[in-house]
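S.K.: Okay, handing you the structure first.
All of the numbers you see were taken from the coordinates with simple rules; none came from a lab. Keep in mind that this is a model prediction, so the values were computed, not measured. As a convention, Cβ positions derive from the backbone with ideal geometry for all residues, glycine included, and neighbour counts pool all protein chains shown.
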Amino acid sequence: MELGLDPRQEDARSTAARLGRTLLAPDAARFDRDGGYPIDTLRALGREGLLGINIPKAYGGRAAGVVAYVAAVRELAAHCAATTVGMMVTNMVAEAIAKYGDDAQKDAYLRPITAGQWPAAGFSLSEPGSGSDAASLRTTAVRDGDHYVLDGTKAWVTSGGYAGVYLVMARTDPEQRSRGISAFLVEPETPGFEVARAEEKLGQHASATTQLVFDGCRVPAANRLGPEGIGFKIAMNSLDGGRVGVSAQAIGVATAAAAAATRHLAGQMDDLAADHADRQRELADCATEIDAAWLLCLRAAALKDAGKPLTREAAMSKLFCTEMAHRVCERALRIFGADGISGAHPIERYLRDVRVTRIYEGTSEVQRIVIARETLRLMARQA
Ligand SMILES: Cc1cc2nc3c(=O)[nH]c(=O)nc-3n(C[C@H](O)[C@H](O)[C@H](O)COP(=O)(O)OP(=O)(O)OC[C@H]3O[C@@H](n4cnc5c(N)ncnc54)[C@H](O)[C@@H]3O)c2cc1C
């Protein structure tokens with residue numbers, strides 16, 4: 001596995017680093033305090049090729065691959081994790097359209113995403129009462145001539161109310177469980193589609209998270225993504241890649257927190273090496289764990305770039321990176337003492353923002369279930 005970045009990957013990373021510094025950083029505290037949604041920033045990320053990093057150039061993407069994607073996510077998240085999650089979900093939806101869409105769907109939906117015409121695309125799998133057990137979702141899609149009629153309520157949709165298109169998973173066959181689910185590309189102007197409750201959250205305030213309500217929402221059959229019955233497969237495939245992105249997002253926040261704590265300590269001590277053995281241990285553990293996490297993230301990204309299965313490695317990466325990032329942010333806050341919980345420093349925002357990375361795209365408990373299942377399968381194959 002190559003550990004350095006090639007020129008294409010480095011270009012995505014350095015572009016993200018520049019935009020993180022110039023666009024995300026100046027607004028991060030304000031959005032965290034006042035709420036709102038960084039429409040202009042997300043559109044700018046699109047114009048700079050960061051909403052279609054792994055999308056073919058023919059559709060306006062960068063075609064730079066998954067390692068480039070995680071390198072860019074890490075840079076952006078170090079400045080504002082909340083803006084970054086909108087960018088991540090948009091890349092995830094774009095990849096699903098590029099992989100499963102027909103030519104008309106790619107033409108209609110990929111170009112506005114990669115050009116930054118839309119600030120975001122949305123991914124809608126979760127429902128009230130079906131998060132971890134996503135296959136039990138209850139939103140229905142009933143065929144009616146050349147349309148499907150969607151009814152139901154979806155929950156926790158990132159960029160709800162701002163996305164130009166939503167990838168929605170709904171049940172087309174009530175007799176089947178995961179194989180009875182299909183995927184649809186739903187435009188927000190469709191009659192019967194409504195953005196409902198906006199969630200108030202612990203962190204990531206610059207990311208809108210809403211319910212979506214479908215009430216007799218007539219979606220053209222031409223907007224079904226892939227054949228009937230493969231919606232759950234599309235969702236799980238998307239989440240494998242999404243989990244690698246969340247890993248990088250968590251590492252970005254942890255890197256920022258560790259850097260802030262290191263600067264803080266350096267300002268307090270004349271000779272960091274000679275004194276404060278306990279502080280040295282904290283810094284050493286942060287630095288080592290961040291690098292270990294990055295290696296797991298890179299391995300999963302490289303597997304995806306190589307077109308190889310990554311379910312187990314993506315789950316390992318997400319579990320380790322997000323748990324690590326929470327530990328690092330907690331340590332950084334401890335190093336700051338009372339200042340750590342004051343709004344004068346970004347440390348408390350890092351801790352609030354990073355917490356949810358252990359929940360979305362599958363909780364840590366769910367990642368452990370996936371890792372155990374895939375490890376048992378692997379051993380059975382090797383026996
Ligand atoms: C900010 C935010 C943004 C989100 N964005 C999106 C989005 O864009 N699109 C989307 O579709 N969803 C989104 N989600 C939803 C997210 O994916 C779910 O919240 C997540 O999958 C967990 O589901 P849940 O909240 O229903 O928790 P539950 O499934 O109810 O779980 C509750 C607790 O029980 C544990 N648990 C559940 N099952 C098991 C088990 N079998 N064994 C052990 N423990 C278990 C969980 O780990 C958790 O601790 C978002 C969530 C948040 C908070």
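S.K.: Taking the Cα centre of the chain as origin and charging only Cβ (+1 Lys, Arg; -1 Asp, Glu), how large is the dipole, in debye to the nearest 20?
M.R.: On the way: 45 positive and 47 negative charges, 122 e Å.
Its charge dipole is roughly 580 debye.
S.K.: So how tilted is helix 277-305 from the main axis of the chain? Cα-based, degrees 0 to 90, rounded to 10.
M.R.: Helix 277-305 sits at roughly 30 degrees to that axis.
S.K.: Suppose we keep just the DSSP beta bridges with both residues in the chain; what percent of those would be antiparallel, to 5?
M.R.: 85
S.K.: Same structure, new question: Most exposed first by the Cβ proxy, i.e. fewest other Cβ within 10 Å, how do T375, T41, T114, T363 rank?
M.R.: Working: T375 13, T41 23, T114 27, T363 16.
Ranked by crowding around the Cβ, least crowded first: T375, T363, T41, T114.
S.K.: Taking neighbour Cβ counts within 10 Å as the exposure measure, how do W118, W156 sort from fewest upward? Please list the in-between numbers first.
M.R.: Values: W118 24, W156 20.
Listed from fewest to most nearby Cβ atoms, that is W156, W118.
S.K.: Moving to a separate point now. Using +1 at the C-beta of Lys and Arg and -1 at the C-beta of Asp and Glu, which of P38, V149, T209 has the Cα lying farthest in the positive direction of the dipole of the chain?
M.R.: Farthest towards the positive pole: V149.
S.K.: Sticking with this structure for a sec: Would you mind calculating the gained length between R263 and D34 on full extension (0.36 nm times residue separation, minus the Cα-Cα distance), in nm to one decimal? Don't skip to the end; give the middle numbers.
M.R.: Values: separation 229, 0.36 × 229 = 82.44 nm, distance 2.76 nm.
So the chain would gain 79.7 nm between R263 and D34.
S.K.: I would also like to ask the following. Which whole-angstrom value gives the distance between the alpha carbon centres of the range 34-70 and the range 183-217?
M.R.: After rounding, the separation between the Cα centres reads 21 Å.
S.K.: List the relative contact order of the chain as a percent without decimals, with contacts defined as Cα pairs under 8 Å and 6+ residues apart.
M.R.: Details: 763 pairs, mean separation 61.7, N = 383.
So the answer I get is 16 percent.
S.K.: Within the chain, how many Lys pairs that are eight or more residues apart, or on different chains, come under 28 Å at the alpha-carbon?
M.R.: 23
S.K.: Any idea what the dipole of the range 232-382 comes to, in debye rounded to 20, about its Cα centre with Lys/Arg Cβ at +1 and Asp/Glu Cβ at -1?
M.R.: Details: 21 positive and 19 negative charges, 188 e Å.
Roughly 900 debye, rounded to the nearest 20.
S.K.: Same structure again: Which of the peptides 250-257, 199-206, 12-19, 90-97 is most tightly packed, and how do the rest follow, going by the mean number of other Cβ atoms within 10 Å of each residue? Present the calculation step by step, with values, prior to reporting the outcome.
M.R.: Values: 250-257: 28.9, 199-206: 17.9, 12-19: 20.4, 90-97: 25.8.
Output ranking for 250-257, 199-206, 12-19, 90-97: 250-257, 90-97, 12-19, 199-206.
S.K.: Please list, in order along the range 345-354, the HN-Hα scalar couplings obtained from phi with the Karplus expression 6.51 cos²θ - 1.76 cosθ + 1.60 (θ = phi - 60°), rounded to whole Hz, x for Gly and Pro.
M.R.: 10, x, 4, 5, 5, 4, 5, 5, 5, 7
S.K.: Let me ask you something else. What is the fewest-to-most order of K233, K154, K57 by other Cβ atoms lying within 10 Å of their Cβ? Could you put the intermediate results ahead of the total?
M.R.: On the way: K233 15, K154 27, K57 12.
The fewest-first ordering by Cβ neighbours comes to K57, K233, K154.
S.K.: Now a separate question. Quick one: compute the contact order of the range 1-119, relative version, from alpha carbon pairs under 8 angstrom and 6+ residues apart, as a percent. Numbers along the way, then the final one.
M.R.: On the way: 166 pairs, mean separation 40.7, N = 119.
Relative contact order of the range 1-119: 34 percent.
S.K.: At what distance in nm do the modelled label points of E330 and T375 sit from each other, each positioned 7 Å from its Cα along Cα→Cβ?
M.R.: So the two model labels end up 2.1 nm from each other.
S.K.: Tell me, what HN-Hα J-couplings in whole Hz come from the Karplus equation 6.51 cos²θ - 1.76 cosθ + 1.60 at θ = phi - 60° for each residue of the range 203-211, using x for Gly and Pro?
M.R.: Ordered by residue, 3J(HN,Hα) equals x, 6, 5, 7, 10, 6, 10, 9, 7 Hz.
S.K.: Right, another one. Highest first, please rank the peptides 321-332, 69-80, 299-310, 165-176 by the mean number of other Cβ atoms sitting within 10 Å of their residues. Walk me through the numbers on the way to the answer.
M.R.: Numbers: 321-332: 24.2, 69-80: 29.2, 299-310: 18.2, 165-176: 20.4.
Highest to lowest by the protection proxy: 69-80, 321-332, 165-176, 299-310.
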